[in-house]
Amino acid sequence: MLEKVYDPAAVETKIYEQWEKSGAFACHPDSDKEPYCIMIPPPNVTGNLHIGHALTFSIQDTLVRYQRMKGKDVLWQPGTDHAGIATQMVVERLLAKEGISRHDLGREKFLEKVWEWKAKSGGQIVGQLRRLGASLDWPRERFTMDEGLCRAVRQEFVTLYKDGLVYRAKRLVNWDPYLQTAVSDLEVEQRETVGKMWYFKYAVEGESDRFITIATTRPETLFGDTAVAVSDEDERYKDLIGKNVIIPICNRAIPVVADEHADPTKGTGAVKITPAHDFNDFEVGKRHNLPMINILDSTAHLNENVPEAYRGLSTADARVKVLEEVKALGLFVKEEDNPMTIPYGDRSGVVIEPWLTDQWFVDAPKLAKKAIEVVEDGRIQFVPKAWEKTYFEWMRNIQPWCVSRQLWWGHQIPVWYGPDGHYFVEENVDLAQAEADKYYGKRMELTQDPDVFDTWFSSGIWPFSTLGWPDNTKELQRYYPTNVLVTGFDIIFFWVARMVMLGLYFMKDVPFRTVYIHALVRDEQGRKMSKSKGNVVDPMVLGDKYGIDALRFTLIAMAAQGRDVCMSESRVEGYRNFVTKIWNAARFCEMNECKLADGYDPKALNQPLNRWIVSKAAAAMGKVTTALDEYKFNEAAEAGYQFAWGTFCDWYLEFAKPLFFGDDEAAKAETRATAAWVLDRILMMLHPIIPFVTEELWSKTENRKQMLMLTAWEDLHDLVNAEADEELDWVIGLISAVRSLRSEMNIAPSAKITMYLQGATAEEARRLDAFKPLIKTLARLETAELSTSADDAKGAAQTVFGTAAVLLPLAGVIDVAKETERLTKEKEKLTKEIGGLEGRLNNEAFVAKAPEKVVAEQRARLADAKAALVKTDEAMARLKAL
RNA sequence: GGGCGCAUAGCUCAGCGGUAGAGCAUUACCUUCACACGGUAGGGGUCGCAGGUUCGAUCCCUGCUGCGCCCACCA
């Protein structure tokens, strides 16, 4: 006997263990089934499962379970990411608490600490994935820094280098002075601020009282100036081009150059050029062969290239001092407020400096070409399609990708330098040494590049590195390209674009055929969740409170295409109730001895009720199937919900009660078998979304050995039966009409009343007769009679149903005033509707141009409304006679 | 500055060229023998504003307002 209330906590662990132990999640590379593969977006190994994870993994698990049930050989590849910066930061912070910096430890010792930390806390997210019910093929779990993937990353880099797609260059990069590393454009967050614009005079060399005024937002960089640029069409400064001006304070002479960058309409039209500290100036500097003076050290403090008094100052302190000194020199003109955006590191939160360093770059613009093509020609499809635009926009403006990071945690770059700075790019030190030997003609000491790769450089090859690449494994042949990538839009650039570029380059094929972009989860007020706002919803807490199934159902039901979703706890609670409802329906079936019957044929049933529910189940199954095929998860959830609760529980089981308690043994047996059969279909269609409760009921209700998760998904479309539908739908409609009437008339539940059906067709009469006992019970009627005479209704409580009028003769019970009010209201409504319909139908243009079907529909509606009006009038008349 | 998206019931959201939908909340009634994490019946919306296309617009187009996001620039 099933317990009265479903206890998720007790069931979830047990069921998951069963699944995992039995190998139910495993793929079968040797099988002849059609393969289906999803790569998990590898979460940070030391991370924690947040609500966004819960959404994306619930969606993926739903897809994967569905495809498995459909008979595919499914691989859902698990794994975690080493997450360079994030992880290094966590460990550094822990060390900082003990007063240790990573430099105190040295690289080797520090890395040991990181591995220790990974070993200690790395299991958490994996455990949480299991809690969530994720059916990943665990024995295949990979880590972006395990041995095979390290080898893949080295080969990735060396191949790109040898093919000329990777190069080393001294360039301006976004430098994070806190983390002391380069970061990519994408890791820089622009924040709006109100800054200042300062105007200074630079003296023209050799002309004692001529000055040129420049405007700047960063006065402290004037020590790095190597030119002043003006437009060659700017009359104010034209004659200065080629002359020198003197930088205040350091009194260095720099040339005035003509450059397109200078816009006469902006500022003063004259721009100071600091090539080593500004991206635009860098370009100007290159055009004019200007020197590049780096005035900052790696921590963004002024270095030896500035006057003695400024050395070692922070940029902020230097700014104050420069302003004071410029004012003292009488070269200060004015200052203005200036709205501007300032770059901050998205990890460190400090101001990012453009800084001149040697870095490794991937020629992304070259790789992007094909990556654009495959989306244009549909070899990769975005769902929803609108995201293609975002993808294109970025790919068409893509910049070289700086892949080197000055961190310790990550894949160390496989480049070895000789004493003269010549470098050797090889997969390991032995190959590099061999090349060096050839190059130098003798053995020379080599040192490896200390830098590591951007995390995304390794996750960019995730779709094939996890399958064994660079070896040509059978998994690689079988599961690449993968079927779908499921992710949020926030990493389209970081990850999706890189995977497409690298997949096409190394595998000569797209990494996935579909990219499903789901919404971001926000809080109830629509704000992005973040720790600093304190509005983080912990999915595991919700899981503990309401059960994982309720959590998953909520997420799936919210996962409509299109927009961001807000997470509200009340919804989880509602779906927890749904899970309980299913549980209780199963319990009710069990109590009534509903068991699957040998030789049960859902096509050969005698009871109309059973034919009807089979047809409805088939239709629901079809809806869920279509919705999942189209990634319309909310529709799948809704179809299952509506059928299980609104159809099966609310109507079928209620209808079944009289049969279960009655003495028609044949009908009883058939209904028991049908109830069991339908309950099974409900478990099936809901299993991809709420796997735990369905699996539990699947095994408990019939004592089955075969797990639900491995059961075949059924195509029931030939069980849909319009005739069977119509009959019971009519009865349900009638019952609803009577209930509604009763309730509106304030008829006491205990009142015994007789219903007359006036003006019914022969078919309706038959139905009424056939279902009389059910109607009596569910509508709480004393008797249900047929009549063609209005006289039978002494009172007049009436509602129009189908072609007939339901009359409840209520003399003595009826509230005449209330009924009059109701009928008046109804009449008004009908008159209005008739007016609208007649207007439309009398419009020649409508009749001529609208589709015939629509016109016919409207005519029918008009006829119905008119008939209803007549009956309402009759009722009014009878009411008056009372 | 460029681009994208959103505005529908009190809340969170579906939907859609032809009777406005769900869940939650709310009201009334029901301790009915699976389930009060339940049942039945209701109330509540000129689908952001203004034009246009159309026989017909919540839906398509244009403009406006408000909100959000992305990218770029910022001397």
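Odds and ends about this structure:
- Helices (runs of 4 or more DSSP H) within the range A:737-843 that include 2 or more residues at pLDDT below 80: A:816-842
- Matching residues in the range A:37-57 - criterion: being over 13 Å from A:Leu129 (Cβ atoms) and open to solvent by 10 Å² or more (accessible area, probe 1.4 Å): A:Thr46, A:Gly52
- A:Gly421 passes every criterion in (1) touching a helix residue (DSSP H, G or I) at 6+ places or on another chain (Cβ under 9 Å); (2) assigned to a loop (DSSP other than H, G, I, E, B); (3) open to solvent by less than 60 Å² (accessible area, probe 1.4 Å) apart from (1).
- So A:Thr711, is it among the polar types (S, T, N, Q) and either open to solvent by less than 10 Å² (accessible area, probe 1.4 Å) or farther than 26 Å from A:Gly622 by Cβ (or both): no
- Filtered by the rule that a residue be closer than 18 Å to A:Lys581 by Cβ and open to solvent by less than 70 Å² (accessible area, probe 1.4 Å), the range A:1-32 gives A:Leu2, A:Tyr6, A:Pro8, A:Val11.
So that you can scan it fast, the table gives a plain yes or no per residue for (1) among the polar types (S, T, N, Q); (2) over 24 Å from A:Ile735 (Cα atoms); (3) within 16 Å of RNA strand B (Cβ to nearest atom):
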residue	(1), (2), (3)
A:Arg587	no, yes, yes
A:Met591	no, yes, yes
A:Cys594	no, yes, yes
A:Gly599	no, yes, no
A:Arg611	no, no, no
A:Ala639	no, no, yes
A:Asp650	no, no, yes
A:Glu654	no, no, yes
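- Verdict on A:Arg405 being under 27 Å from A:Pro365 (Cβ atoms), surrounded by fewer than 15 Cβ atoms within 10 Å (Cβ to Cβ) and among the basic types (Lys, Arg): no
- With respect to the conditions (1) within 43 Å of the chain's Cα centre (by Cα); (2) part of a loop (DSSP other than H, G, I, E, B), A:Asn305 falls short on a single one, namely (1).
- Residue list for the range A:742-768, filter: open to solvent by 80 Å² or more (accessible area, probe 1.4 Å), over 51 Å from the mean Cα position of the chain (by Cα) and within 16 Å of RNA strand B (Cβ to nearest atom): A:Ser750, A:Lys752
- Qualifying residue in the range A:709-729 (condition: in a helix (DSSP H, G or I) and under 24 Å from A:Thr580 (Cβ atoms)): yes
- Flag for A:Lys705 being open to solvent by 30 Å² or more (accessible area, probe 1.4 Å) and in contact (Cβ under 8 Å) with a residue 60 or more places away in the chain: no
- Condition broken by A:Glu665, with the remaining ones in (1) over 28 Å from A:Thr554 (Cβ atoms); (2) in contact with a Cys (Cβ under 7 Å, 6 or more places away or on another chain) satisfied: (2)
- All told, A:Asp430 falls short of being open to solvent by less than 20 Å² (accessible area, probe 1.4 Å) and among the acidic types (Asp, Glu).
- Output for the range A:372-389, where each listed residue is open to solvent by 80 Å² or more (accessible area, probe 1.4 Å) and at pLDDT 85 or above: A:Glu373, A:Glu376, A:Asp377, A:Arg379, A:Gln381
- Within the range A:19-40, the set of residues being in contact with a helix residue (DSSP H, G or I) (Cβ under 8 Å, 6 or more places away or on another chain) and not in a loop (DSSP other than H, G, I, E, B) comprises A:Trp19, A:Glu20, A:Pro35, A:Tyr36, A:Cys37, A:Ile38, A:Met39.
- Test: residue in the range A:132-147 that is assigned to a helix (DSSP H, G or I), within 30 Å of A:Tyr546 (Cβ to Cβ) and under 27 Å from the mean Cα position of the chain (by Cα): yes
- Filtered residues of the range A:335-356 (kept if more than 16 Å from RNA strand B (Cβ to nearest atom) and farther than 26 Å from A:Val90 by Cα): A:Leu356
- Every condition in (1) in contact with a helix residue (DSSP H, G or I) (Cβ under 6 Å, 6 or more places away or on another chain); (2) open to solvent by less than 10 Å² (accessible area, probe 1.4 Å) holds for A:Ile413 except the one numbered (1).
- In the condition set (1) within 21 Å of the chain's Cα centre (by Cα); (2) assigned to a loop (DSSP other than H, G, I, E, B), A:Ala497 is compliant with all but (2).
- Contact map, the range A:439-465: residues that are in a helix (DSSP H, G or I) paired with residues that are open to solvent by 50 Å² or more (accessible area, probe 1.4 Å) and not hydrophobic (A, V, I, L, M, F, W, C), Cβ distance under 8 Å, separation 6+ or inter-chain. Pairs shown: A:Tyr439/A:His422; A:Ser465/A:Arg142.
- Any hit, the range A:88-106, residues being of a type in the set (D, E, K, R), in a helix (DSSP H, G or I), modelled with pLDDT under 95 and open to solvent by less than 40 Å² (accessible area, probe 1.4 Å): yes
- Residue list for the range A:212-239, filter: near RNA strand B (Cβ under 10 Å from one of its atoms) and assigned to a loop (DSSP other than H, G, I, E, B): A:Thr217, A:Arg218, A:Ser231, A:Asp234
- When the range A:362-404 is filtered for residues that are in a strand (DSSP E or B), among the β-branched types (Val, Ile, Thr) and more than 13 Å from RNA strand B (Cβ to nearest atom), only A:Val362 remains.
- Tally of residues being open to solvent by 70 Å² or more (accessible area, probe 1.4 Å) and of a type in the set (Asp, Glu) across the range A:161-214: 6
- Residue within the range A:332-355 that is over 26 Å from A:Thr216 (Cα atoms) and open to solvent by 70 Å² or more (accessible area, probe 1.4 Å) present: yes
- Test: residue in the range A:277-296 that is of a type in the set (Asp, Glu) and either touching a residue at least 60 places away in the same chain (Cβ under 8 Å) or part of a loop (DSSP other than H, G, I, E, B) (or both): yes
- Restricting the range A:240-298 to residues that are of a type in the set (Gly, Ala, Ser), surrounded by fewer than 22 Cβ atoms within 10 Å (Cβ to Cβ) and farther than 30 Å from A:Gln180 by Cβ, the residue that is nearest to RNA strand B (Cβ to nearest atom): A:Gly267
The values are calculated or read from the model by the stated rules, or taken from the named source; none is laboratory data. These numbers come from a predicted model, not from an experiment. So basically every Cβ, Gly included, is an ideal-geometry build from the backbone, and we count neighbours across all protein chains shown. Ligands, DNA and RNA are stripped out before the accessible areas are found, and what is left, the full protein with its side chains, is counted by its heavy atoms. Shrake-Rupley method; radii C 1.70, N 1.55, O 1.52, S 1.80 Å.
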